[in-house]
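Have a look at the structure below before the remarks.
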Amino acid sequence: MISLVKSICRMCLMGCGIITHVQDGKIVKVEGNPNFPINKGGICPKGLSSIQLLYDPNRLHYPLKRVGERGKGKWERISWDEALKITANSLNEIKSKDGAKAVAFQKGQAPGWDMWWDLWIRLAMSFGSPNIGTPANVCFFPRSSSFATYGDYAESDFDNNNGVIILWGYNAATSSLPASCRRIFEAKDRGAQLIVIDPVFTPLAAKADLYIRLRPGTDLALALAMINIMISKGFYDKDFVERWTVGFDKLASHVQDYSPEKVSEITGVSTEAIQEVARKYATIKPGLIAIGNGVEQTTSSVQTVRGLNILQAIAGNLDIPGGNISDPEPPPLGMSNPTMMLNRIPNYAKDCVSQHPLYAQKQMASREEIADSILTGSPYPIKGMLVFGTNLVTTTARSTRIIEALKKLEFLAVHDLYLTATAEFADIIFPCTTFLEADDYFHWGLGSSRHGRPQTMHLDVWQPKVVEPLGESRSNWDFVSGVAKALGLEEFFPWKSLEEYVGWEFEATDKGITVDQLKQNPDGITKIYPASELYRKYEKKGFKTPSGKVELYSGILEEYGYDPLPVYREPAESPRSQPELAQDYPLICNNGMKPLVHTHSQFQELPWIKAIFPEPFAGVNPATGAKYGVQDGEWVIVESPRASVQLKAKITKTVPPNTVFIPHGWKEPRYNDLTDDKNVDPIAGSFSTRAFLCRLKKI
């Protein structure tokens with residue numbers, strides 16, 4: 001007999017509703033849940049392949065202890081108790097000798113983000129370490145620079161848009177197919193115009209009313225030209241600007257340097273197209289700009305996002321139906337209890353190894369800075385590391401340098417599904433469950449920054465354990481709470497179960513629901529906000545900035561010594577910024593491409609995924625291929641000033657001439673070795689996966 005169990009897909013960040021078919025304690029089928037508000041029954045290839053992830057014979061099933069030299073692949077099976085004891089003794093020994101800050105806590109997206117990110121902060125801070133490594137410097141933190149503009153983070157109200165939607169460096173067809181992509185098409189059915197701004201001709205660009213192909217890394221110049229046009233033509237929202245912004249006169253003067261003619265020469269976009277996109281966004285109401293990773297993984301990521309935030313503001317598209325809106329209330333779960341935990345580290349931002357103070361204030365350090373600290377001992381050496389669901393070697397700039405850092409550590413423990421390229425250098429490996437083998441809690445709120453969720457609601461769901469864990473794999477809760485107990489931090493983790501912990505948080509934040517209620521509602525409990533609470537909140541409370549208004553001229557950035565108005569600067573490595581280097585490396589490389597069927601470095605070897613995307617490739621425009629004598633399917637060498645890799649060419653018109661596009665996250669060859677990890681954004685520390693120099697040779 002087959003039983004049906006509703007759950008949440010965690011193969012990526014979106015969290016689509018699924019129905020699992022269970023027979024004799026084994027899942028035999030996974031399908032989309034038509035009653036779930038996020039995906040409404042849609043499911044992508046990753047979700048369908050979750051059954052293959054669960055039963056993948058290559059998964060880790062038992063704790064392992066390194067035997068012999070680090071990185072040589074020799075292991076012995078040990079018990080969980082022994083693995084926890086070794087880990088706790090090793091980390092506490094480093095703490096007693098060199099201080100808690102000599103231990104770094106690395107967190108990735110693999111086991112989920114929301115709750116486990118907060119608990120990971122709690123674990124690190126209760127231990128006393130300010131060094132919490134994340135990939136946020138190239139994913140989300142640059143977007144959260146909106147706090148310096150309007151004091152909040154604003155997401156896309158797709159469901160109420162029938163005006164114009166701009167997808168700026170955001171490809172919903174690969175990052176949110178069943179959710180955002182569907183909602184974008186629904187908006188088009190209501191009459192919304194779709195504009196796609198991206199160097200790559202994406203699947204959504206093929207459906208766009210206007211497609212803008214610009215030179216990689218020049219997004220801010222285009223945004224400033226649009227602001228120039230909107231101001232000079234009087235297209236901006238004069239009433240909103242006068243009542244709710246500061247610094248408009250300075251902005252108007254500043255953007256005079258960014259004429260459409262000048263910016264056309266910078267970006268490669270015609271002056272007519274620049275004027276058209278500015279006019280459409282400014283005059284067709286409502287308008288929204290959905291910002292993606294494409295603008296975050298550059299050497300001027302924060303100021304680029306600032307330019308887009310300013311566009312949203314002066315067009316009058318903030319906090320209106322169908323525009324970019326902020327959360328009507330703070331996220332309901334403050335699981336790390338930041339006030340209490342920060343008291344453990346009163347000088348958190350100063351104690352952290354990060355040299356980017358605004359980033360450090362978010363309780364984060366970049367993975368690259370932690371690696372530098374390990375290798376150079378500056379500002380102090382990090383000697384131990386705990387890694388939770390992230391594959392540093394394949395997803396961080398310059399994997400060779402990351403490997404050097406991992407080898408130098410005194411102790412490294414990893415909790416993961418697989419013996420990843422990072423886990424290969426561990427001393428202890430803890431086997432993780434898949435999402436189908438463990439209970440979890442999931443919350444969709446604006447604070448969770450999901451394009452896939454309707455912006456007018458919050459959704460809370462209890463994700464049930466569908467089948468028993470395979471082997472001795474254990475859940476995220478078992479791992480985090482187990483490590484905390486082994487480290488002697490029980491006072492900060494007093495809960496006996498995940499249910500007890502989530503229930504405690506519900507009570508502490510006056511959530512108004514219980515875990516039992518969630519379990520009785522497998523499609524989740526939804527809170528729909530009335531328009532009076534959702535839109536134009538600033539009219540009652542102002543904006544969450546020092547001035548209470550949108551700060552076009554940012555006093556926060558000025559205080560930290562950064563440009564208060566966004567200034568366009570060439571990518572650190574481009575034909576314009578380094579013309580001599582470009583003589584040897586004349587092409588622009590992008591190795592941040594994310595295929596639909598992968599989530600960063602995950603799932604590449606699952607059979608159904610591999611059938612769809614069997615191997616990486618170098619995407620090359622036909623004109624560029626002809627110039628270098630390269631035909632489709634031929635082997636080529638792509639070389640940057642740092643490394644070279646071999647892979648097959650894919651001749652395609654979807655990529656622009658004089659560029660090479662490579663998908664990221666593969667274990668071999670390690671394409672992130674091509675990436676420059678030294679020239680980074682001064683505010684966020686983000687490096688450029690999207691625009692650096694390379695050359696192409698046929699083998």
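Numbers for the structure displayed
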| read-out | value |
| --- | --- |
| Number of the condition not met by Lys383 [criteria: (1) modelled with pLDDT of 95 or more; (2) within 30 Å of Pro464 (Cβ to Cβ)] | (2) |
| Pairs where the first residue, in the range 77-88, is of a type outside the set (Val, Ile, Thr) and the second is assigned to a helix (DSSP H, G or I), C-beta under 6 Å, 6+ apart | Leu84/Gly482; Leu84/Ala486; Ala88/Ala486 |
| Exclusive hit being among the polar types (S, T, N, Q), in contact with a Lys or Arg (Cβ under 6 Å, 6 or more places away or on another chain) and within 28 Å of Ala172 (Cβ to Cβ), set Thr267, Thr245 | Thr267 |
| Residue in the range 54-62 that is buried (at least 20 other Cβ atoms within 10 Å of the Cβ) and closer than 18 Å to Ile18 by Cα present | yes |
| Filtered residues of the range 350-382 (kept if of a type in the set (A, V, I, L, M) and part of a helix (DSSP H, G or I)) | Leu358, Ala360, Ile370, Ala371, Ile374, Leu375 |
| Evaluation of Thr526 against (1) touching a helix residue (DSSP H, G or I) at 6+ places or on another chain (Cβ under 8 Å); (2) within 27 Å of Ile320 (Cβ to Cβ); (3) not in a helix (DSSP H, G or I) (one fails), failing number | (1) |
| Qualifying residue in the range 89-112 (condition: under 17 Å from Val414 (Cβ atoms), part of a loop (DSSP other than H, G, I, E, B) and among the hydroxyl-bearing types (Ser, Thr, Tyr)) | no |
| Listing of strands (runs of 3 or more DSSP E) fully contained in the range 628-699 that carry 3 or more residues being basic (Lys, Arg), in contact (Cβ under 8 Å) with a residue 24 or more places away in the chain and surrounded by fewer than 23 Cβ atoms within 10 Å (Cβ to Cβ) | 692-698 |
| Index of the failed condition, Leu177 passing every other in (1) at negative phi; (2) assigned by TED's automatic domain parsing to the domain that holds Ala315; (3) modelled with pLDDT of 95 or more | (3) |
| Per-region count, the range 529-553, residues assigned to a helix (DSSP H, G or I) and more than 30 Å from Asn33 (Cβ to Cβ) | 5 |
| Hits in the range 155-178 - residues which are over 25 Å from Met593 (Cα atoms) and part of a strand (DSSP E or B) | Val164 |
| Single match in Ile184, Ile231 (criterion: surrounded by fewer than 23 Cβ atoms within 10 Å (Cβ to Cβ), of a type in the set (A, V, I, L, M) and in a helix (DSSP H, G or I)) | Ile231 |
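Here's the yes/no breakdown for (1) assigned to a loop (DSSP other than H, G, I, E, B); (2) over 23 Å from Ala223 (Cβ atoms):
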site: Pro575; (1), (2): yes, no
site: Asn590; (1), (2): no, no
site: Pro595; (1), (2): yes, yes
site: Gln604; (1), (2): yes, yes
site: Ala611; (1), (2): no, yes
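Here is a yes/no grid of residues against (1) surrounded by fewer than 17 Cβ atoms within 10 Å (Cβ to Cβ); (2) at pLDDT below 95; (3) closer than 24 Å to Glu76 by Cα:
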position: Tyr441; (1), (2), (3): no, yes, no
position: Arg450; (1), (2), (3): no, yes, no
position: Leu459; (1), (2), (3): no, yes, no
position: Val466; (1), (2), (3): no, no, no
position: Gly471; (1), (2), (3): yes, no, yes
position: Ala486; (1), (2), (3): no, no, yes
position: Pro494; (1), (2), (3): yes, yes, no
position: Trp504; (1), (2), (3): yes, yes, no
position: Ala508; (1), (2), (3): yes, yes, no
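The values are calculated or read from the model by the stated rules, or taken from the named source; none is laboratory data. Being a predicted model, the structure only gives us computed values, none of them experimental. With ideal geometry, Cβ positions are generated from the backbone for all residues, glycine too; neighbour counts draw on all protein chains shown.
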